[in-house]
Amino acid sequence: MEVYLSLKDHVYNYIAEEINKGNLKPEEKINEQKISDLLNISRTPVREALIQLASEGFLENVPRKGFLIRPLSEKEAGEIYLILGVLDGLAVSLACPRITEKEIRDMQFYIGSMSLAIDSGNFDMYYRQQEEFHQIYLNLCGNESLINLMNRTKKKFLKKSYIMDVGDAADDNVKEVLRSTNDEHRTMLTLFEQKNALELERFMKEVHWKPDLAYMETI
């Protein structure tokens, strides 16, 4: 079913994508008139989108300055990783008994696609394939409230630093990190194949969402 998006929703998605790509940086002021002109709309839906983004913690509404991109501290990122580890651990434990050969094959496909995306430096494609990989078991967990809570929590990490054009040396470092993450996906797949729900839950909490690695979200 096609989902109708209001003008405010389109503006929200546009600003979120600009943050995601790194075109809007921490503490940078949002130019409402520029966005209004660029999208050829009035300033009302722009203001509505900015108010929503501020209420969700992505922006700060500073008196006499306007809306600024809110930086994410390492402390806050670590706290969010801890929460996501618990939520994702619950999701995999619920999905594990329900997984079939079809889902296993689909997960294998996305792992292969992520590997190709890393090798080619297509980090935007990696991000999309990673989302599809995780969505497989989220769809199986059968708990819509859990899925919605996870999605809302993940939105705290709008900016994906590895999507940015960072140069050859940094590019190699990003590839190394993403290969390590994709190895974690392979471990997850093995544990799903073994129907080892307890180890899967532990792995998500202690490895995949290890709070010590949350600093990458603040780069």
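The values are calculated or read from the model by the stated rules, or taken from the named source; none is laboratory data. Owing to the predicted nature of the structure, the values given are computational and were not obtained by experimental measurement. Heads up, the Cβs are rebuilt from the backbone with ideal geometry, glycines too, and the neighbour counts pull from every protein chain shown.
Conditions (1) hydroxyl-bearing (Ser, Thr, Tyr); (2) not assigned by TED's automatic domain parsing to the domain that holds Arg202, marked per residue:
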{"position": "Gln33", "(1), (2)": "no, yes"}
{"position": "Asn40", "(1), (2)": "no, yes"}
{"position": "Leu50", "(1), (2)": "no, yes"}
{"position": "Ser55", "(1), (2)": "yes, yes"}
{"position": "Leu82", "(1), (2)": "no, no"}
{"position": "Thr100", "(1), (2)": "yes, no"}
{"position": "Gly112", "(1), (2)": "no, no"}
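Which of the residues belonging to region 61-88 are of a type in the set (D, E, K, R) and either exposed (fewer than 15 other Cβ atoms within 10 Å of the Cβ) or over 17 Å from Ala16 (Cβ atoms) (or both)?
Arg64, Lys65, Glu74, Lys75, Glu76, Glu79, Asp88
Working carefully through the options Leu82, Leu68, Leu59, Leu94, find the one that is at pLDDT below 95, among the hydrophobic types (A, V, I, L, M, F, W, C) and within 30 Å of Leu200 (Cα to Cα).
Leu82
If we only count helices (runs of 4 or more DSSP H) wholly inside region 1-75, which ones have 1 or more residues that are under 21 Å from the mean Cα position of the chain (by Cα)?
Passing ranges, in order: 7-21, 43-55.
Pull out all pairs, ordered by first then second residue, where Cβ-Cβ is under 8 Å, the residues are six or more apart or on different chains, the first lies in region 70-93 and is closer than 21 Å to Leu191 by Cα and charged (D, E, K, R), and the second is modelled with pLDDT of 85 or more and not in a helix (DSSP H, G or I).
Close Cβ pairs satisfying both conditions: Asp88/Trp209.
Can you confirm whether region 18-25 contains a residue that is of a type in the set (A, V, I, L, M) and at pLDDT 90 or above?
Within region 18-25 (the criterion being of a type in the set (A, V, I, L, M) and at pLDDT 90 or above), the answer is no, since none of the residues qualifies.
So which of Phe133, Phe123 is surrounded by 15 or more Cβ atoms within 10 Å (Cβ to Cβ), among the aromatic types (Phe, Trp, Tyr), touching a residue at least 24 places away in the same chain (Cβ under 8 Å) and under 16 Å from Leu200 (Cβ atoms)?
Of the residues listed, the single one that is surrounded by 15 or more Cβ atoms within 10 Å (Cβ to Cβ), among the aromatic types (Phe, Trp, Tyr), touching a residue at least 24 places away in the same chain (Cβ under 8 Å) and under 16 Å from Leu200 (Cβ atoms) is Phe133.
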